[in-house]
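What follows is a short report on a single structure.
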Amino acid sequence: MIYIEDHWQGLFLKPQQLKKWKKYANSADKKIGAFLQFKPDLAHISSAEHGELEGVPFAVKDNIAVRPFKLTCGSRMLKSLNSPYTATAVKKLQARGGVVVGKTNLDEFGMGSSTENSSLAKTVNPWDLSRVPGGSSGGSAAAVAAGIVPFALGSDTGGSVRQPAAFCGVYGLKPTYGTVSRYGLVAYASSLEVIGVIAKRVDTARMVFSIMHGQDDLDHSSLEYQPLPEVPEHLTVGIPIECSRDLHYDIDKSFKKTKDTLGELGFTVQEISIPSLDYVVSAYYVIATAEASANLARFDGIRFGERAIEADNPEELILLSRSRGLGDEVKLRILLGTYVLRSGFQDQYYLRAQKIRTAIRMDFEKAYSGVDLILMPVYSYPPFKFGGDGLDPFSQKLADIFTCTANLAGIPAMSFPASMENGLPIGMQFLAPPFGEELLFKACSIFEKIFPAPDSPIYSTEWSE
Ligand code: GLN
C-alpha cells in the first residue's frame, strides 16, 4: 500500500531533491508563517533508522517536546526554552525514519481556535491569506495544506487538531484518549487531550497513528490500543438532530451535501439524538479551565522560562514573571479555572461539569448501539478573517460545540475535507466508539475517493520534478 506520495519517500536521502524542497518550503512558509522554527538542518537525520517513514519530513506543534528544538508553546514565557527531551510519540516516528524539520505555531498553550492567541507569530490560511488557519494547531494544518510536509503533529484538547485541519482543507485525527502517550506534551487540560495527526491523505494519517499509539510507562494514563474486533463491510452513520441548529449557511449547506453523498456512496444514514449536546460547551470550559489553572501554575518564572530578575522577593518575582510572560487569553482561563475551583463552589461548577461529562458518554454509548459512526460538522463557521470577522472570542468558544464533545467522551474522531464553499474548504467529522479508529479511516477513505483533499493555492509539488 502507498501511504505517502512518492515525492516524500526518502527525501532526506536525496541531496538534490532536498535542496529544492528546502527552497520551496522556505518560500511557502514566508507567505503563511506556519513555523516558529524551521530548521531541517537541526534534524539530526535519522538515516540509520529504516522504516515506513525513512527520510520523510514532518512538523511538530510547538507544545510537543523535540530535542534539540525549542519548546515555546507560543508563549512569551517560554520563548527561549530549549526542549530538554523528546516526546514519546515523536520518538516513535523518528525510530521509523521520520525527520522533524521544525516546530509549528499555535494559540498560546493550545488555548484558542484561530492561532491568533500566539504571542510569537502570525500564521495565515493557505487558502486565503486574509483568513485564520484555525487553531490551536494552526501552524501544523497550514504547513500540511501548503505542501511543506506530508503530515504534522498537533494536540487536541477540544478540537485543536480537527478544526484547523478543516479550515485548511486537510485531514485531522483525534485518537481515543490515552492511546497516544502524552509524555512530552505540555499539559493544558490533561483529562481531555491527546496528540493527533494532520495529513494530506487518509492513509498517511493512518500509518502515523499506527506508529504512534501504544502504552507508555512515562504516561500513566496511556493505554494499549485494542482495535475493535471487526470493521463492518457496510457502515451505518448516525446524524444527531441537534447538529443542524445555529450553523452558518455554508456549513449547513456542506453538512446536507455530505449526508446526501454518504447515502449515494452506500452508507446507511439515519437520524439519532445526543440530548446532552446542549451542555457540552459549558462543561468543557469548566473542566478545561479548571485543569489549566492547575497545570499552568508551574510557569512561575523560577523553574522555566522568563524571569523578572529585578524583583525584590519571590512573590514579586512570580507576579511580574506571570503578568509579563502570559497572554490575555491564558490569564482569562487561569482566572476562570480558579473561580470554578474556589472552595465551597466546586459542587456548583466542577462536579456538575463532571456529571454532564458522564451524561455525554452515556448518550454516545446509547447511540453506538444502533450506528457504527456519527457525522457532525467540525465548526459552526467557515474559516474567518483575522480579528474575528464578527466572531468574538466568546462566539468562537460556543462554536467549539461539535469538537469538544469527542474530548469529553474520550472517543476518537476524524475531520475530513467535505466540500468547497465560496472558495474555502469546509470540513465535517466522523466520530467512532472508543478504539474505533479503523472505522474512521475506512469511512474517510471512501469519501476521499470522490473528494480528495483539494490543493490550496500555495500547494505545489514542482520542487520534486
Ligand atoms: N478551541 C478550544 C479551546 O480553546 C480547543 C483547544 C484545543 O484543543 N487545544 O480550548
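For this structure, a couple of remarks:
- Qualifying residue in the range 440-454 (condition: surrounded by 22 or more Cβ atoms within 10 Å (Cβ to Cβ) and in a strand (DSSP E or B)): no
- Note on the range 19-60: residues that are part of a helix (DSSP H, G or I), modelled with pLDDT under 95 and not acidic (Asp, Glu) total 3.
- Residue within the range 96-103 that is more than 22 Å from Phe209 (Cα to Cα) and either of a type in the set (Ser, Thr, Tyr) or surrounded by 23 or more Cβ atoms within 10 Å (Cβ to Cβ) (or both) present: no
- Exactly one residue among Asp250, Asp300, Asp278, Asp260 is part of a helix (DSSP H, G or I) and open to solvent by less than 30 Å² (accessible area, probe 1.4 Å), and that residue is Asp250.
- Those residues of the range 152-167 which are in a helix (DSSP H, G or I) and either within 6 Å of the ligand (Cβ to nearest atom) or hydrophobic (A, V, I, L, M, F, W, C) (or both), in sequence order: Ala165, Ala166, Phe167
- Pick from the range 363-405, criterion within 13 Å of the ligand (Cβ to nearest atom) and part of a loop (DSSP other than H, G, I, E, B), ranking: farthest from Tyr249 (Cα to Cα): Asp400
- Selected residue (only one of Asn295, Asn313 is farther than 26 Å from Gly427 by Cα, open to solvent by 60 Å² or more (accessible area, probe 1.4 Å) and among the polar types (S, T, N, Q)): Asn313
- Cross-chain or 6+ apart pairs with Cβ under 8 Å, the range 122-139 first and at positive phi, then away from the ligand (no atom under 15 Å from the Cβ) and part of a strand (DSSP E or B): Gly134/Asn125
- Members of the range 410-459 found to be within 16 Å of the ligand (Cβ to nearest atom) and closer than 14 Å to Leu373 by Cα, listed by number: Ile411, Pro412, Ala413, Met414, Ser415, Gln429, Leu431
- Options Ile411, Ile356, Ile360; residue that is assigned to a helix (DSSP H, G or I), over 27 Å from Glu116 (Cβ atoms), open to solvent by less than 10 Å² (accessible area, probe 1.4 Å) and not small (Gly, Ala, Ser): Ile360
The values are calculated or read from the model by the stated rules, or taken from the named source; none is laboratory data. Note that the structure is a prediction, hence the values are computed from the model and not measured. All Cβ positions, glycine included, derive from the backbone under ideal geometry; neighbour counts span all protein chains shown. Quick note on the areas: whole protein, heavy atoms, side chains included, nothing else; ligands and nucleic acids left out. Shrake-Rupley method; radii C 1.70, N 1.55, O 1.52, S 1.80 Å.
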